[in-house]
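Peer 1: Here you go, one structure.
The values are calculated or read from the model by the stated rules, or taken from the named source; none is laboratory data. Since the model is a prediction, treat every value here as computed from it, not as a measurement. Cβ placement follows ideal geometry from the backbone for every residue including glycine, while neighbour counts extend to all protein chains displayed.
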Amino acid sequence: MNEQQIEQEILRLTAELHQLRQNKKGPYQTGQTIPYAGRVYDATEVQAAVKASLDFWLTLGPEGEAFERELADYLGVRHATLVNSGSSANLVAFYALTSPKLDRRILPGDEIITVAAGFPTTINPAIMYGCVPVFVDVDLKTANIDVTQLQAALSPRTRAVMIAHTLGNPFDLDAVQAFCKQHNLYLIEDNCDSLGSRYKGRLTGTFGDLGTSSFYPPHHITMGEGGAVYTNDGQLRRLVESFRDWGRDCWCPSGQDNTCKNRFDWDWAKLGNACGAKAEECLPFGYDHKYVYSHLGFNVKPTDIQAAIGRVQLKRLPDFIAARRRNRDRLLDLLTPLEKDWHFISATPGSEPSWFGFLMIMRQPDHTKLTKLCRGLDARKVGNRRLFGGNLLLQPAYREVKHRVVGELTITNKIAQGGLFLGVYPGLTEAMLLDQANAVKEIWAEVCK
């Protein structure tokens, strides 16, 4: 056999092995684990990973470049940059806005408006940089930012709004965008739980200056670990890539050199002088541009093998979104008898959520009862999760963080004391949804006795 035939045989055997292993699992049976989320894939993803391994590029390369183009095309934006996680996506998105190359960079001590009912790494980058988070409450109907509090959160030091679309439910982008535009603020959309959600027909993550995604297995598509930052702004794209790639000034892709055609001809003293630096404080003329660092950056790139998986997953996204919506609607129907005790969040007006979870909030929060319910669900092997940090300001890590709070965070505390979410991911079958809903109803009846 020649090289191509050997590769095809390896891929054929890969698919055969995958199918054998899947057949061993068999269909779901009552009493088995019902995860709140998980990866959904078939032999195609496994073959893509194997093929990329055989090519042995390993670092981000051709598969990564292709995935970035395809993701940008799907979103309808000019640029998408892959990173190794959604948290890293938030990190480099925020740090891009601190670059001295920007006319209105974010500086330590500036304020960033956000919510406390969310995931830590939405706001952690701003805190680590030395900014002050300003926490506002969320709306009970949607579990998203209460836009009526935005004006009260504003101060002369406000520079940005950085918030997530809660569990796939878009926040009020009309109000938030108008507020940011009025006050010349940056908007970073944490879209990690919401890939495929739409607001007035447009995909979320594309409204702000920067949007971010996570491709961790529970999310809408997966590449194992992985994430992305996207934007329509060419300068922001270059800054994101710089912070992703060690902080380097060079923009050459991996494996390429001298795309600027000026690699050994930069006058660093002249450039430094423009910033007030003396010649002796600058790199010598012609210092290799590939090893010039304009930012204090990171190395948060994924691998080409991961990108190969992501490319296959992206093709499945429309089906995944449809399944998530069906599963959410089915759970809503099955759990309607609990509405006297529980509030179920609604889609934001004008939105089409790509649901990440089914959020339930007790009308009369009672953490003791909530814990009993969660323990019971665990015992029945039914996956359940809190709305991440609940109220981040109650978390040990935030006790010494300088911050401001607008109002009382009443709804945030209600969610922290009485909220949990169930799974709606595409791997759930009708039998699993029925068992999940029955478990919730039966355990809740016991708790309330």
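Peer 1: Between Lys340, Lys372, Lys301, which is out of contact with any strand residue (DSSP E or B) (no Cβ under 9 Å at 6 or more places or on another chain) and either at pLDDT below 95 or over 23 Å from Gly31 (Cα atoms) (or both)?
Peer 2: Working: Lys372 fails: either at pLDDT below 95 or over 23 Å from Gly31 (Cα atoms) (or both); Lys301 fails: out of contact with any strand residue (DSSP E or B) (no Cβ under 9 Å at 6 or more places or on another chain).
Among Lys340, Lys372, Lys301, only Lys340 is out of contact with any strand residue (DSSP E or B) (no Cβ under 9 Å at 6 or more places or on another chain) and either at pLDDT below 95 or over 23 Å from Gly31 (Cα atoms) (or both).
Yes or no, residue by residue, for (1) in contact (Cβ under 8 Å) with a residue 12 or more places away in the chain; (2) closer than 30 Å to Asn90 by Cβ:
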| site | (1), (2) |
| --- | --- |
| Asp265 | yes, no |
| Tyr293 | yes, yes |
| Phe320 | yes, yes |
| Arg326 | no, yes |
| Leu334 | yes, no |
| Pro337 | yes, no |
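Peer 1: Right, next: Which residues, taken from the stretch 30-83, are among the polar types (S, T, N, Q), buried (at least 21 other Cβ atoms within 10 Å of the Cβ) and closer than 12 Å to Ile305 by Cα? Please lay out each step first, then the result.
Peer 2: Filtering the stretch 30-83 down to residues among the polar types (S, T, N, Q) leaves 30, 32-33, 44, 47, 53, 59, 81.
Checking which are buried (at least 21 other Cβ atoms within 10 Å of the Cβ) leaves us with 81.
Across the stretch 30-83, there are no qualifying residues.
Peer 1: Based on this model, can you work out whether Ala308 counts as of a type in the set (Gly, Ala, Ser), more than 30 Å from Arg386 (Cβ to Cβ) and modelled with pLDDT under 95?
Peer 2: no
Peer 1: If a residue has to be without any contact (Cβ under 8 Å) to a residue 24 or more places away in the chain and closer than 24 Å to Gln395 by Cα to count, how many in the stretch 62-117 make the cut?
Peer 2: Number satisfying all stated conditions: 1.
Peer 1: Among the candidates Ile123, Ile106, which residue alone is modelled with pLDDT of 95 or more and buried (at least 24 other Cβ atoms within 10 Å of the Cβ)?
Peer 2: After ruling out the rest, the residue left standing is Ile123.
Peer 1: Of the residues in the stretch 354-397, how many are part of a helix (DSSP H, G or I), more than 20 Å from Leu433 (Cα to Cα) and out of contact with any Pro (no Cβ under 9 Å at 6 or more places or on another chain)?
Peer 2: The number of residues fulfilling the criteria is 9.
Peer 1: Moving to a separate point now. Using beta carbons and a limit of 8 Å, which pairs, at least six apart or on different chains, have the first residue in the stretch 210-227 and over 17 Å from Asn90 (Cβ atoms) and the second one in a loop (DSSP other than H, G, I, E, B) and small (Gly, Ala, Ser)?
Peer 2: Pro217/Ala37; Pro217/Gly38; Pro217/Gly224
Peer 1: Next up: When you scan the stretch 213-233, do you find a residue that is assigned to a helix (DSSP H, G or I) and among the polar types (S, T, N, Q), even just one?
Peer 2: no
Peer 1: Since Arg311 meets every condition but one in (1) closer than 19 Å to Pro62 by Cα; (2) in contact with a Lys or Arg (Cβ under 8 Å, 6 or more places away or on another chain); (3) of a type in the set (Lys, Arg); (4) in a helix (DSSP H, G or I), which condition does it not meet?
Peer 2: So the condition that Arg311 fails would be (2).
Peer 1: Restricting to the stretch 320-337, name every residue that is more than 20 Å from the chain's Cα centre (by Cα) and surrounded by fewer than 18 Cβ atoms within 10 Å (Cβ to Cβ).
Peer 2: Across the stretch 320-337, the qualifying residues are Arg326, Asp329, Leu332, Asp333, Leu334, Thr336, Pro337.
Peer 1: What's the number of the condition Lys270 fails, among (1) over 23 Å from Ala96 (Cβ atoms); (2) in a helix (DSSP H, G or I); (3) modelled with pLDDT of 80 or more?
Peer 2: Answer for Lys270: the failing condition is (3).
Peer 1: Answer with yes or no whether Val240 is surrounded by 17 or more Cβ atoms within 10 Å (Cβ to Cβ), within 21 Å of the chain's Cα centre (by Cα) and part of a helix (DSSP H, G or I).
Peer 2: When the stated conditions are applied, Val240 passes them.
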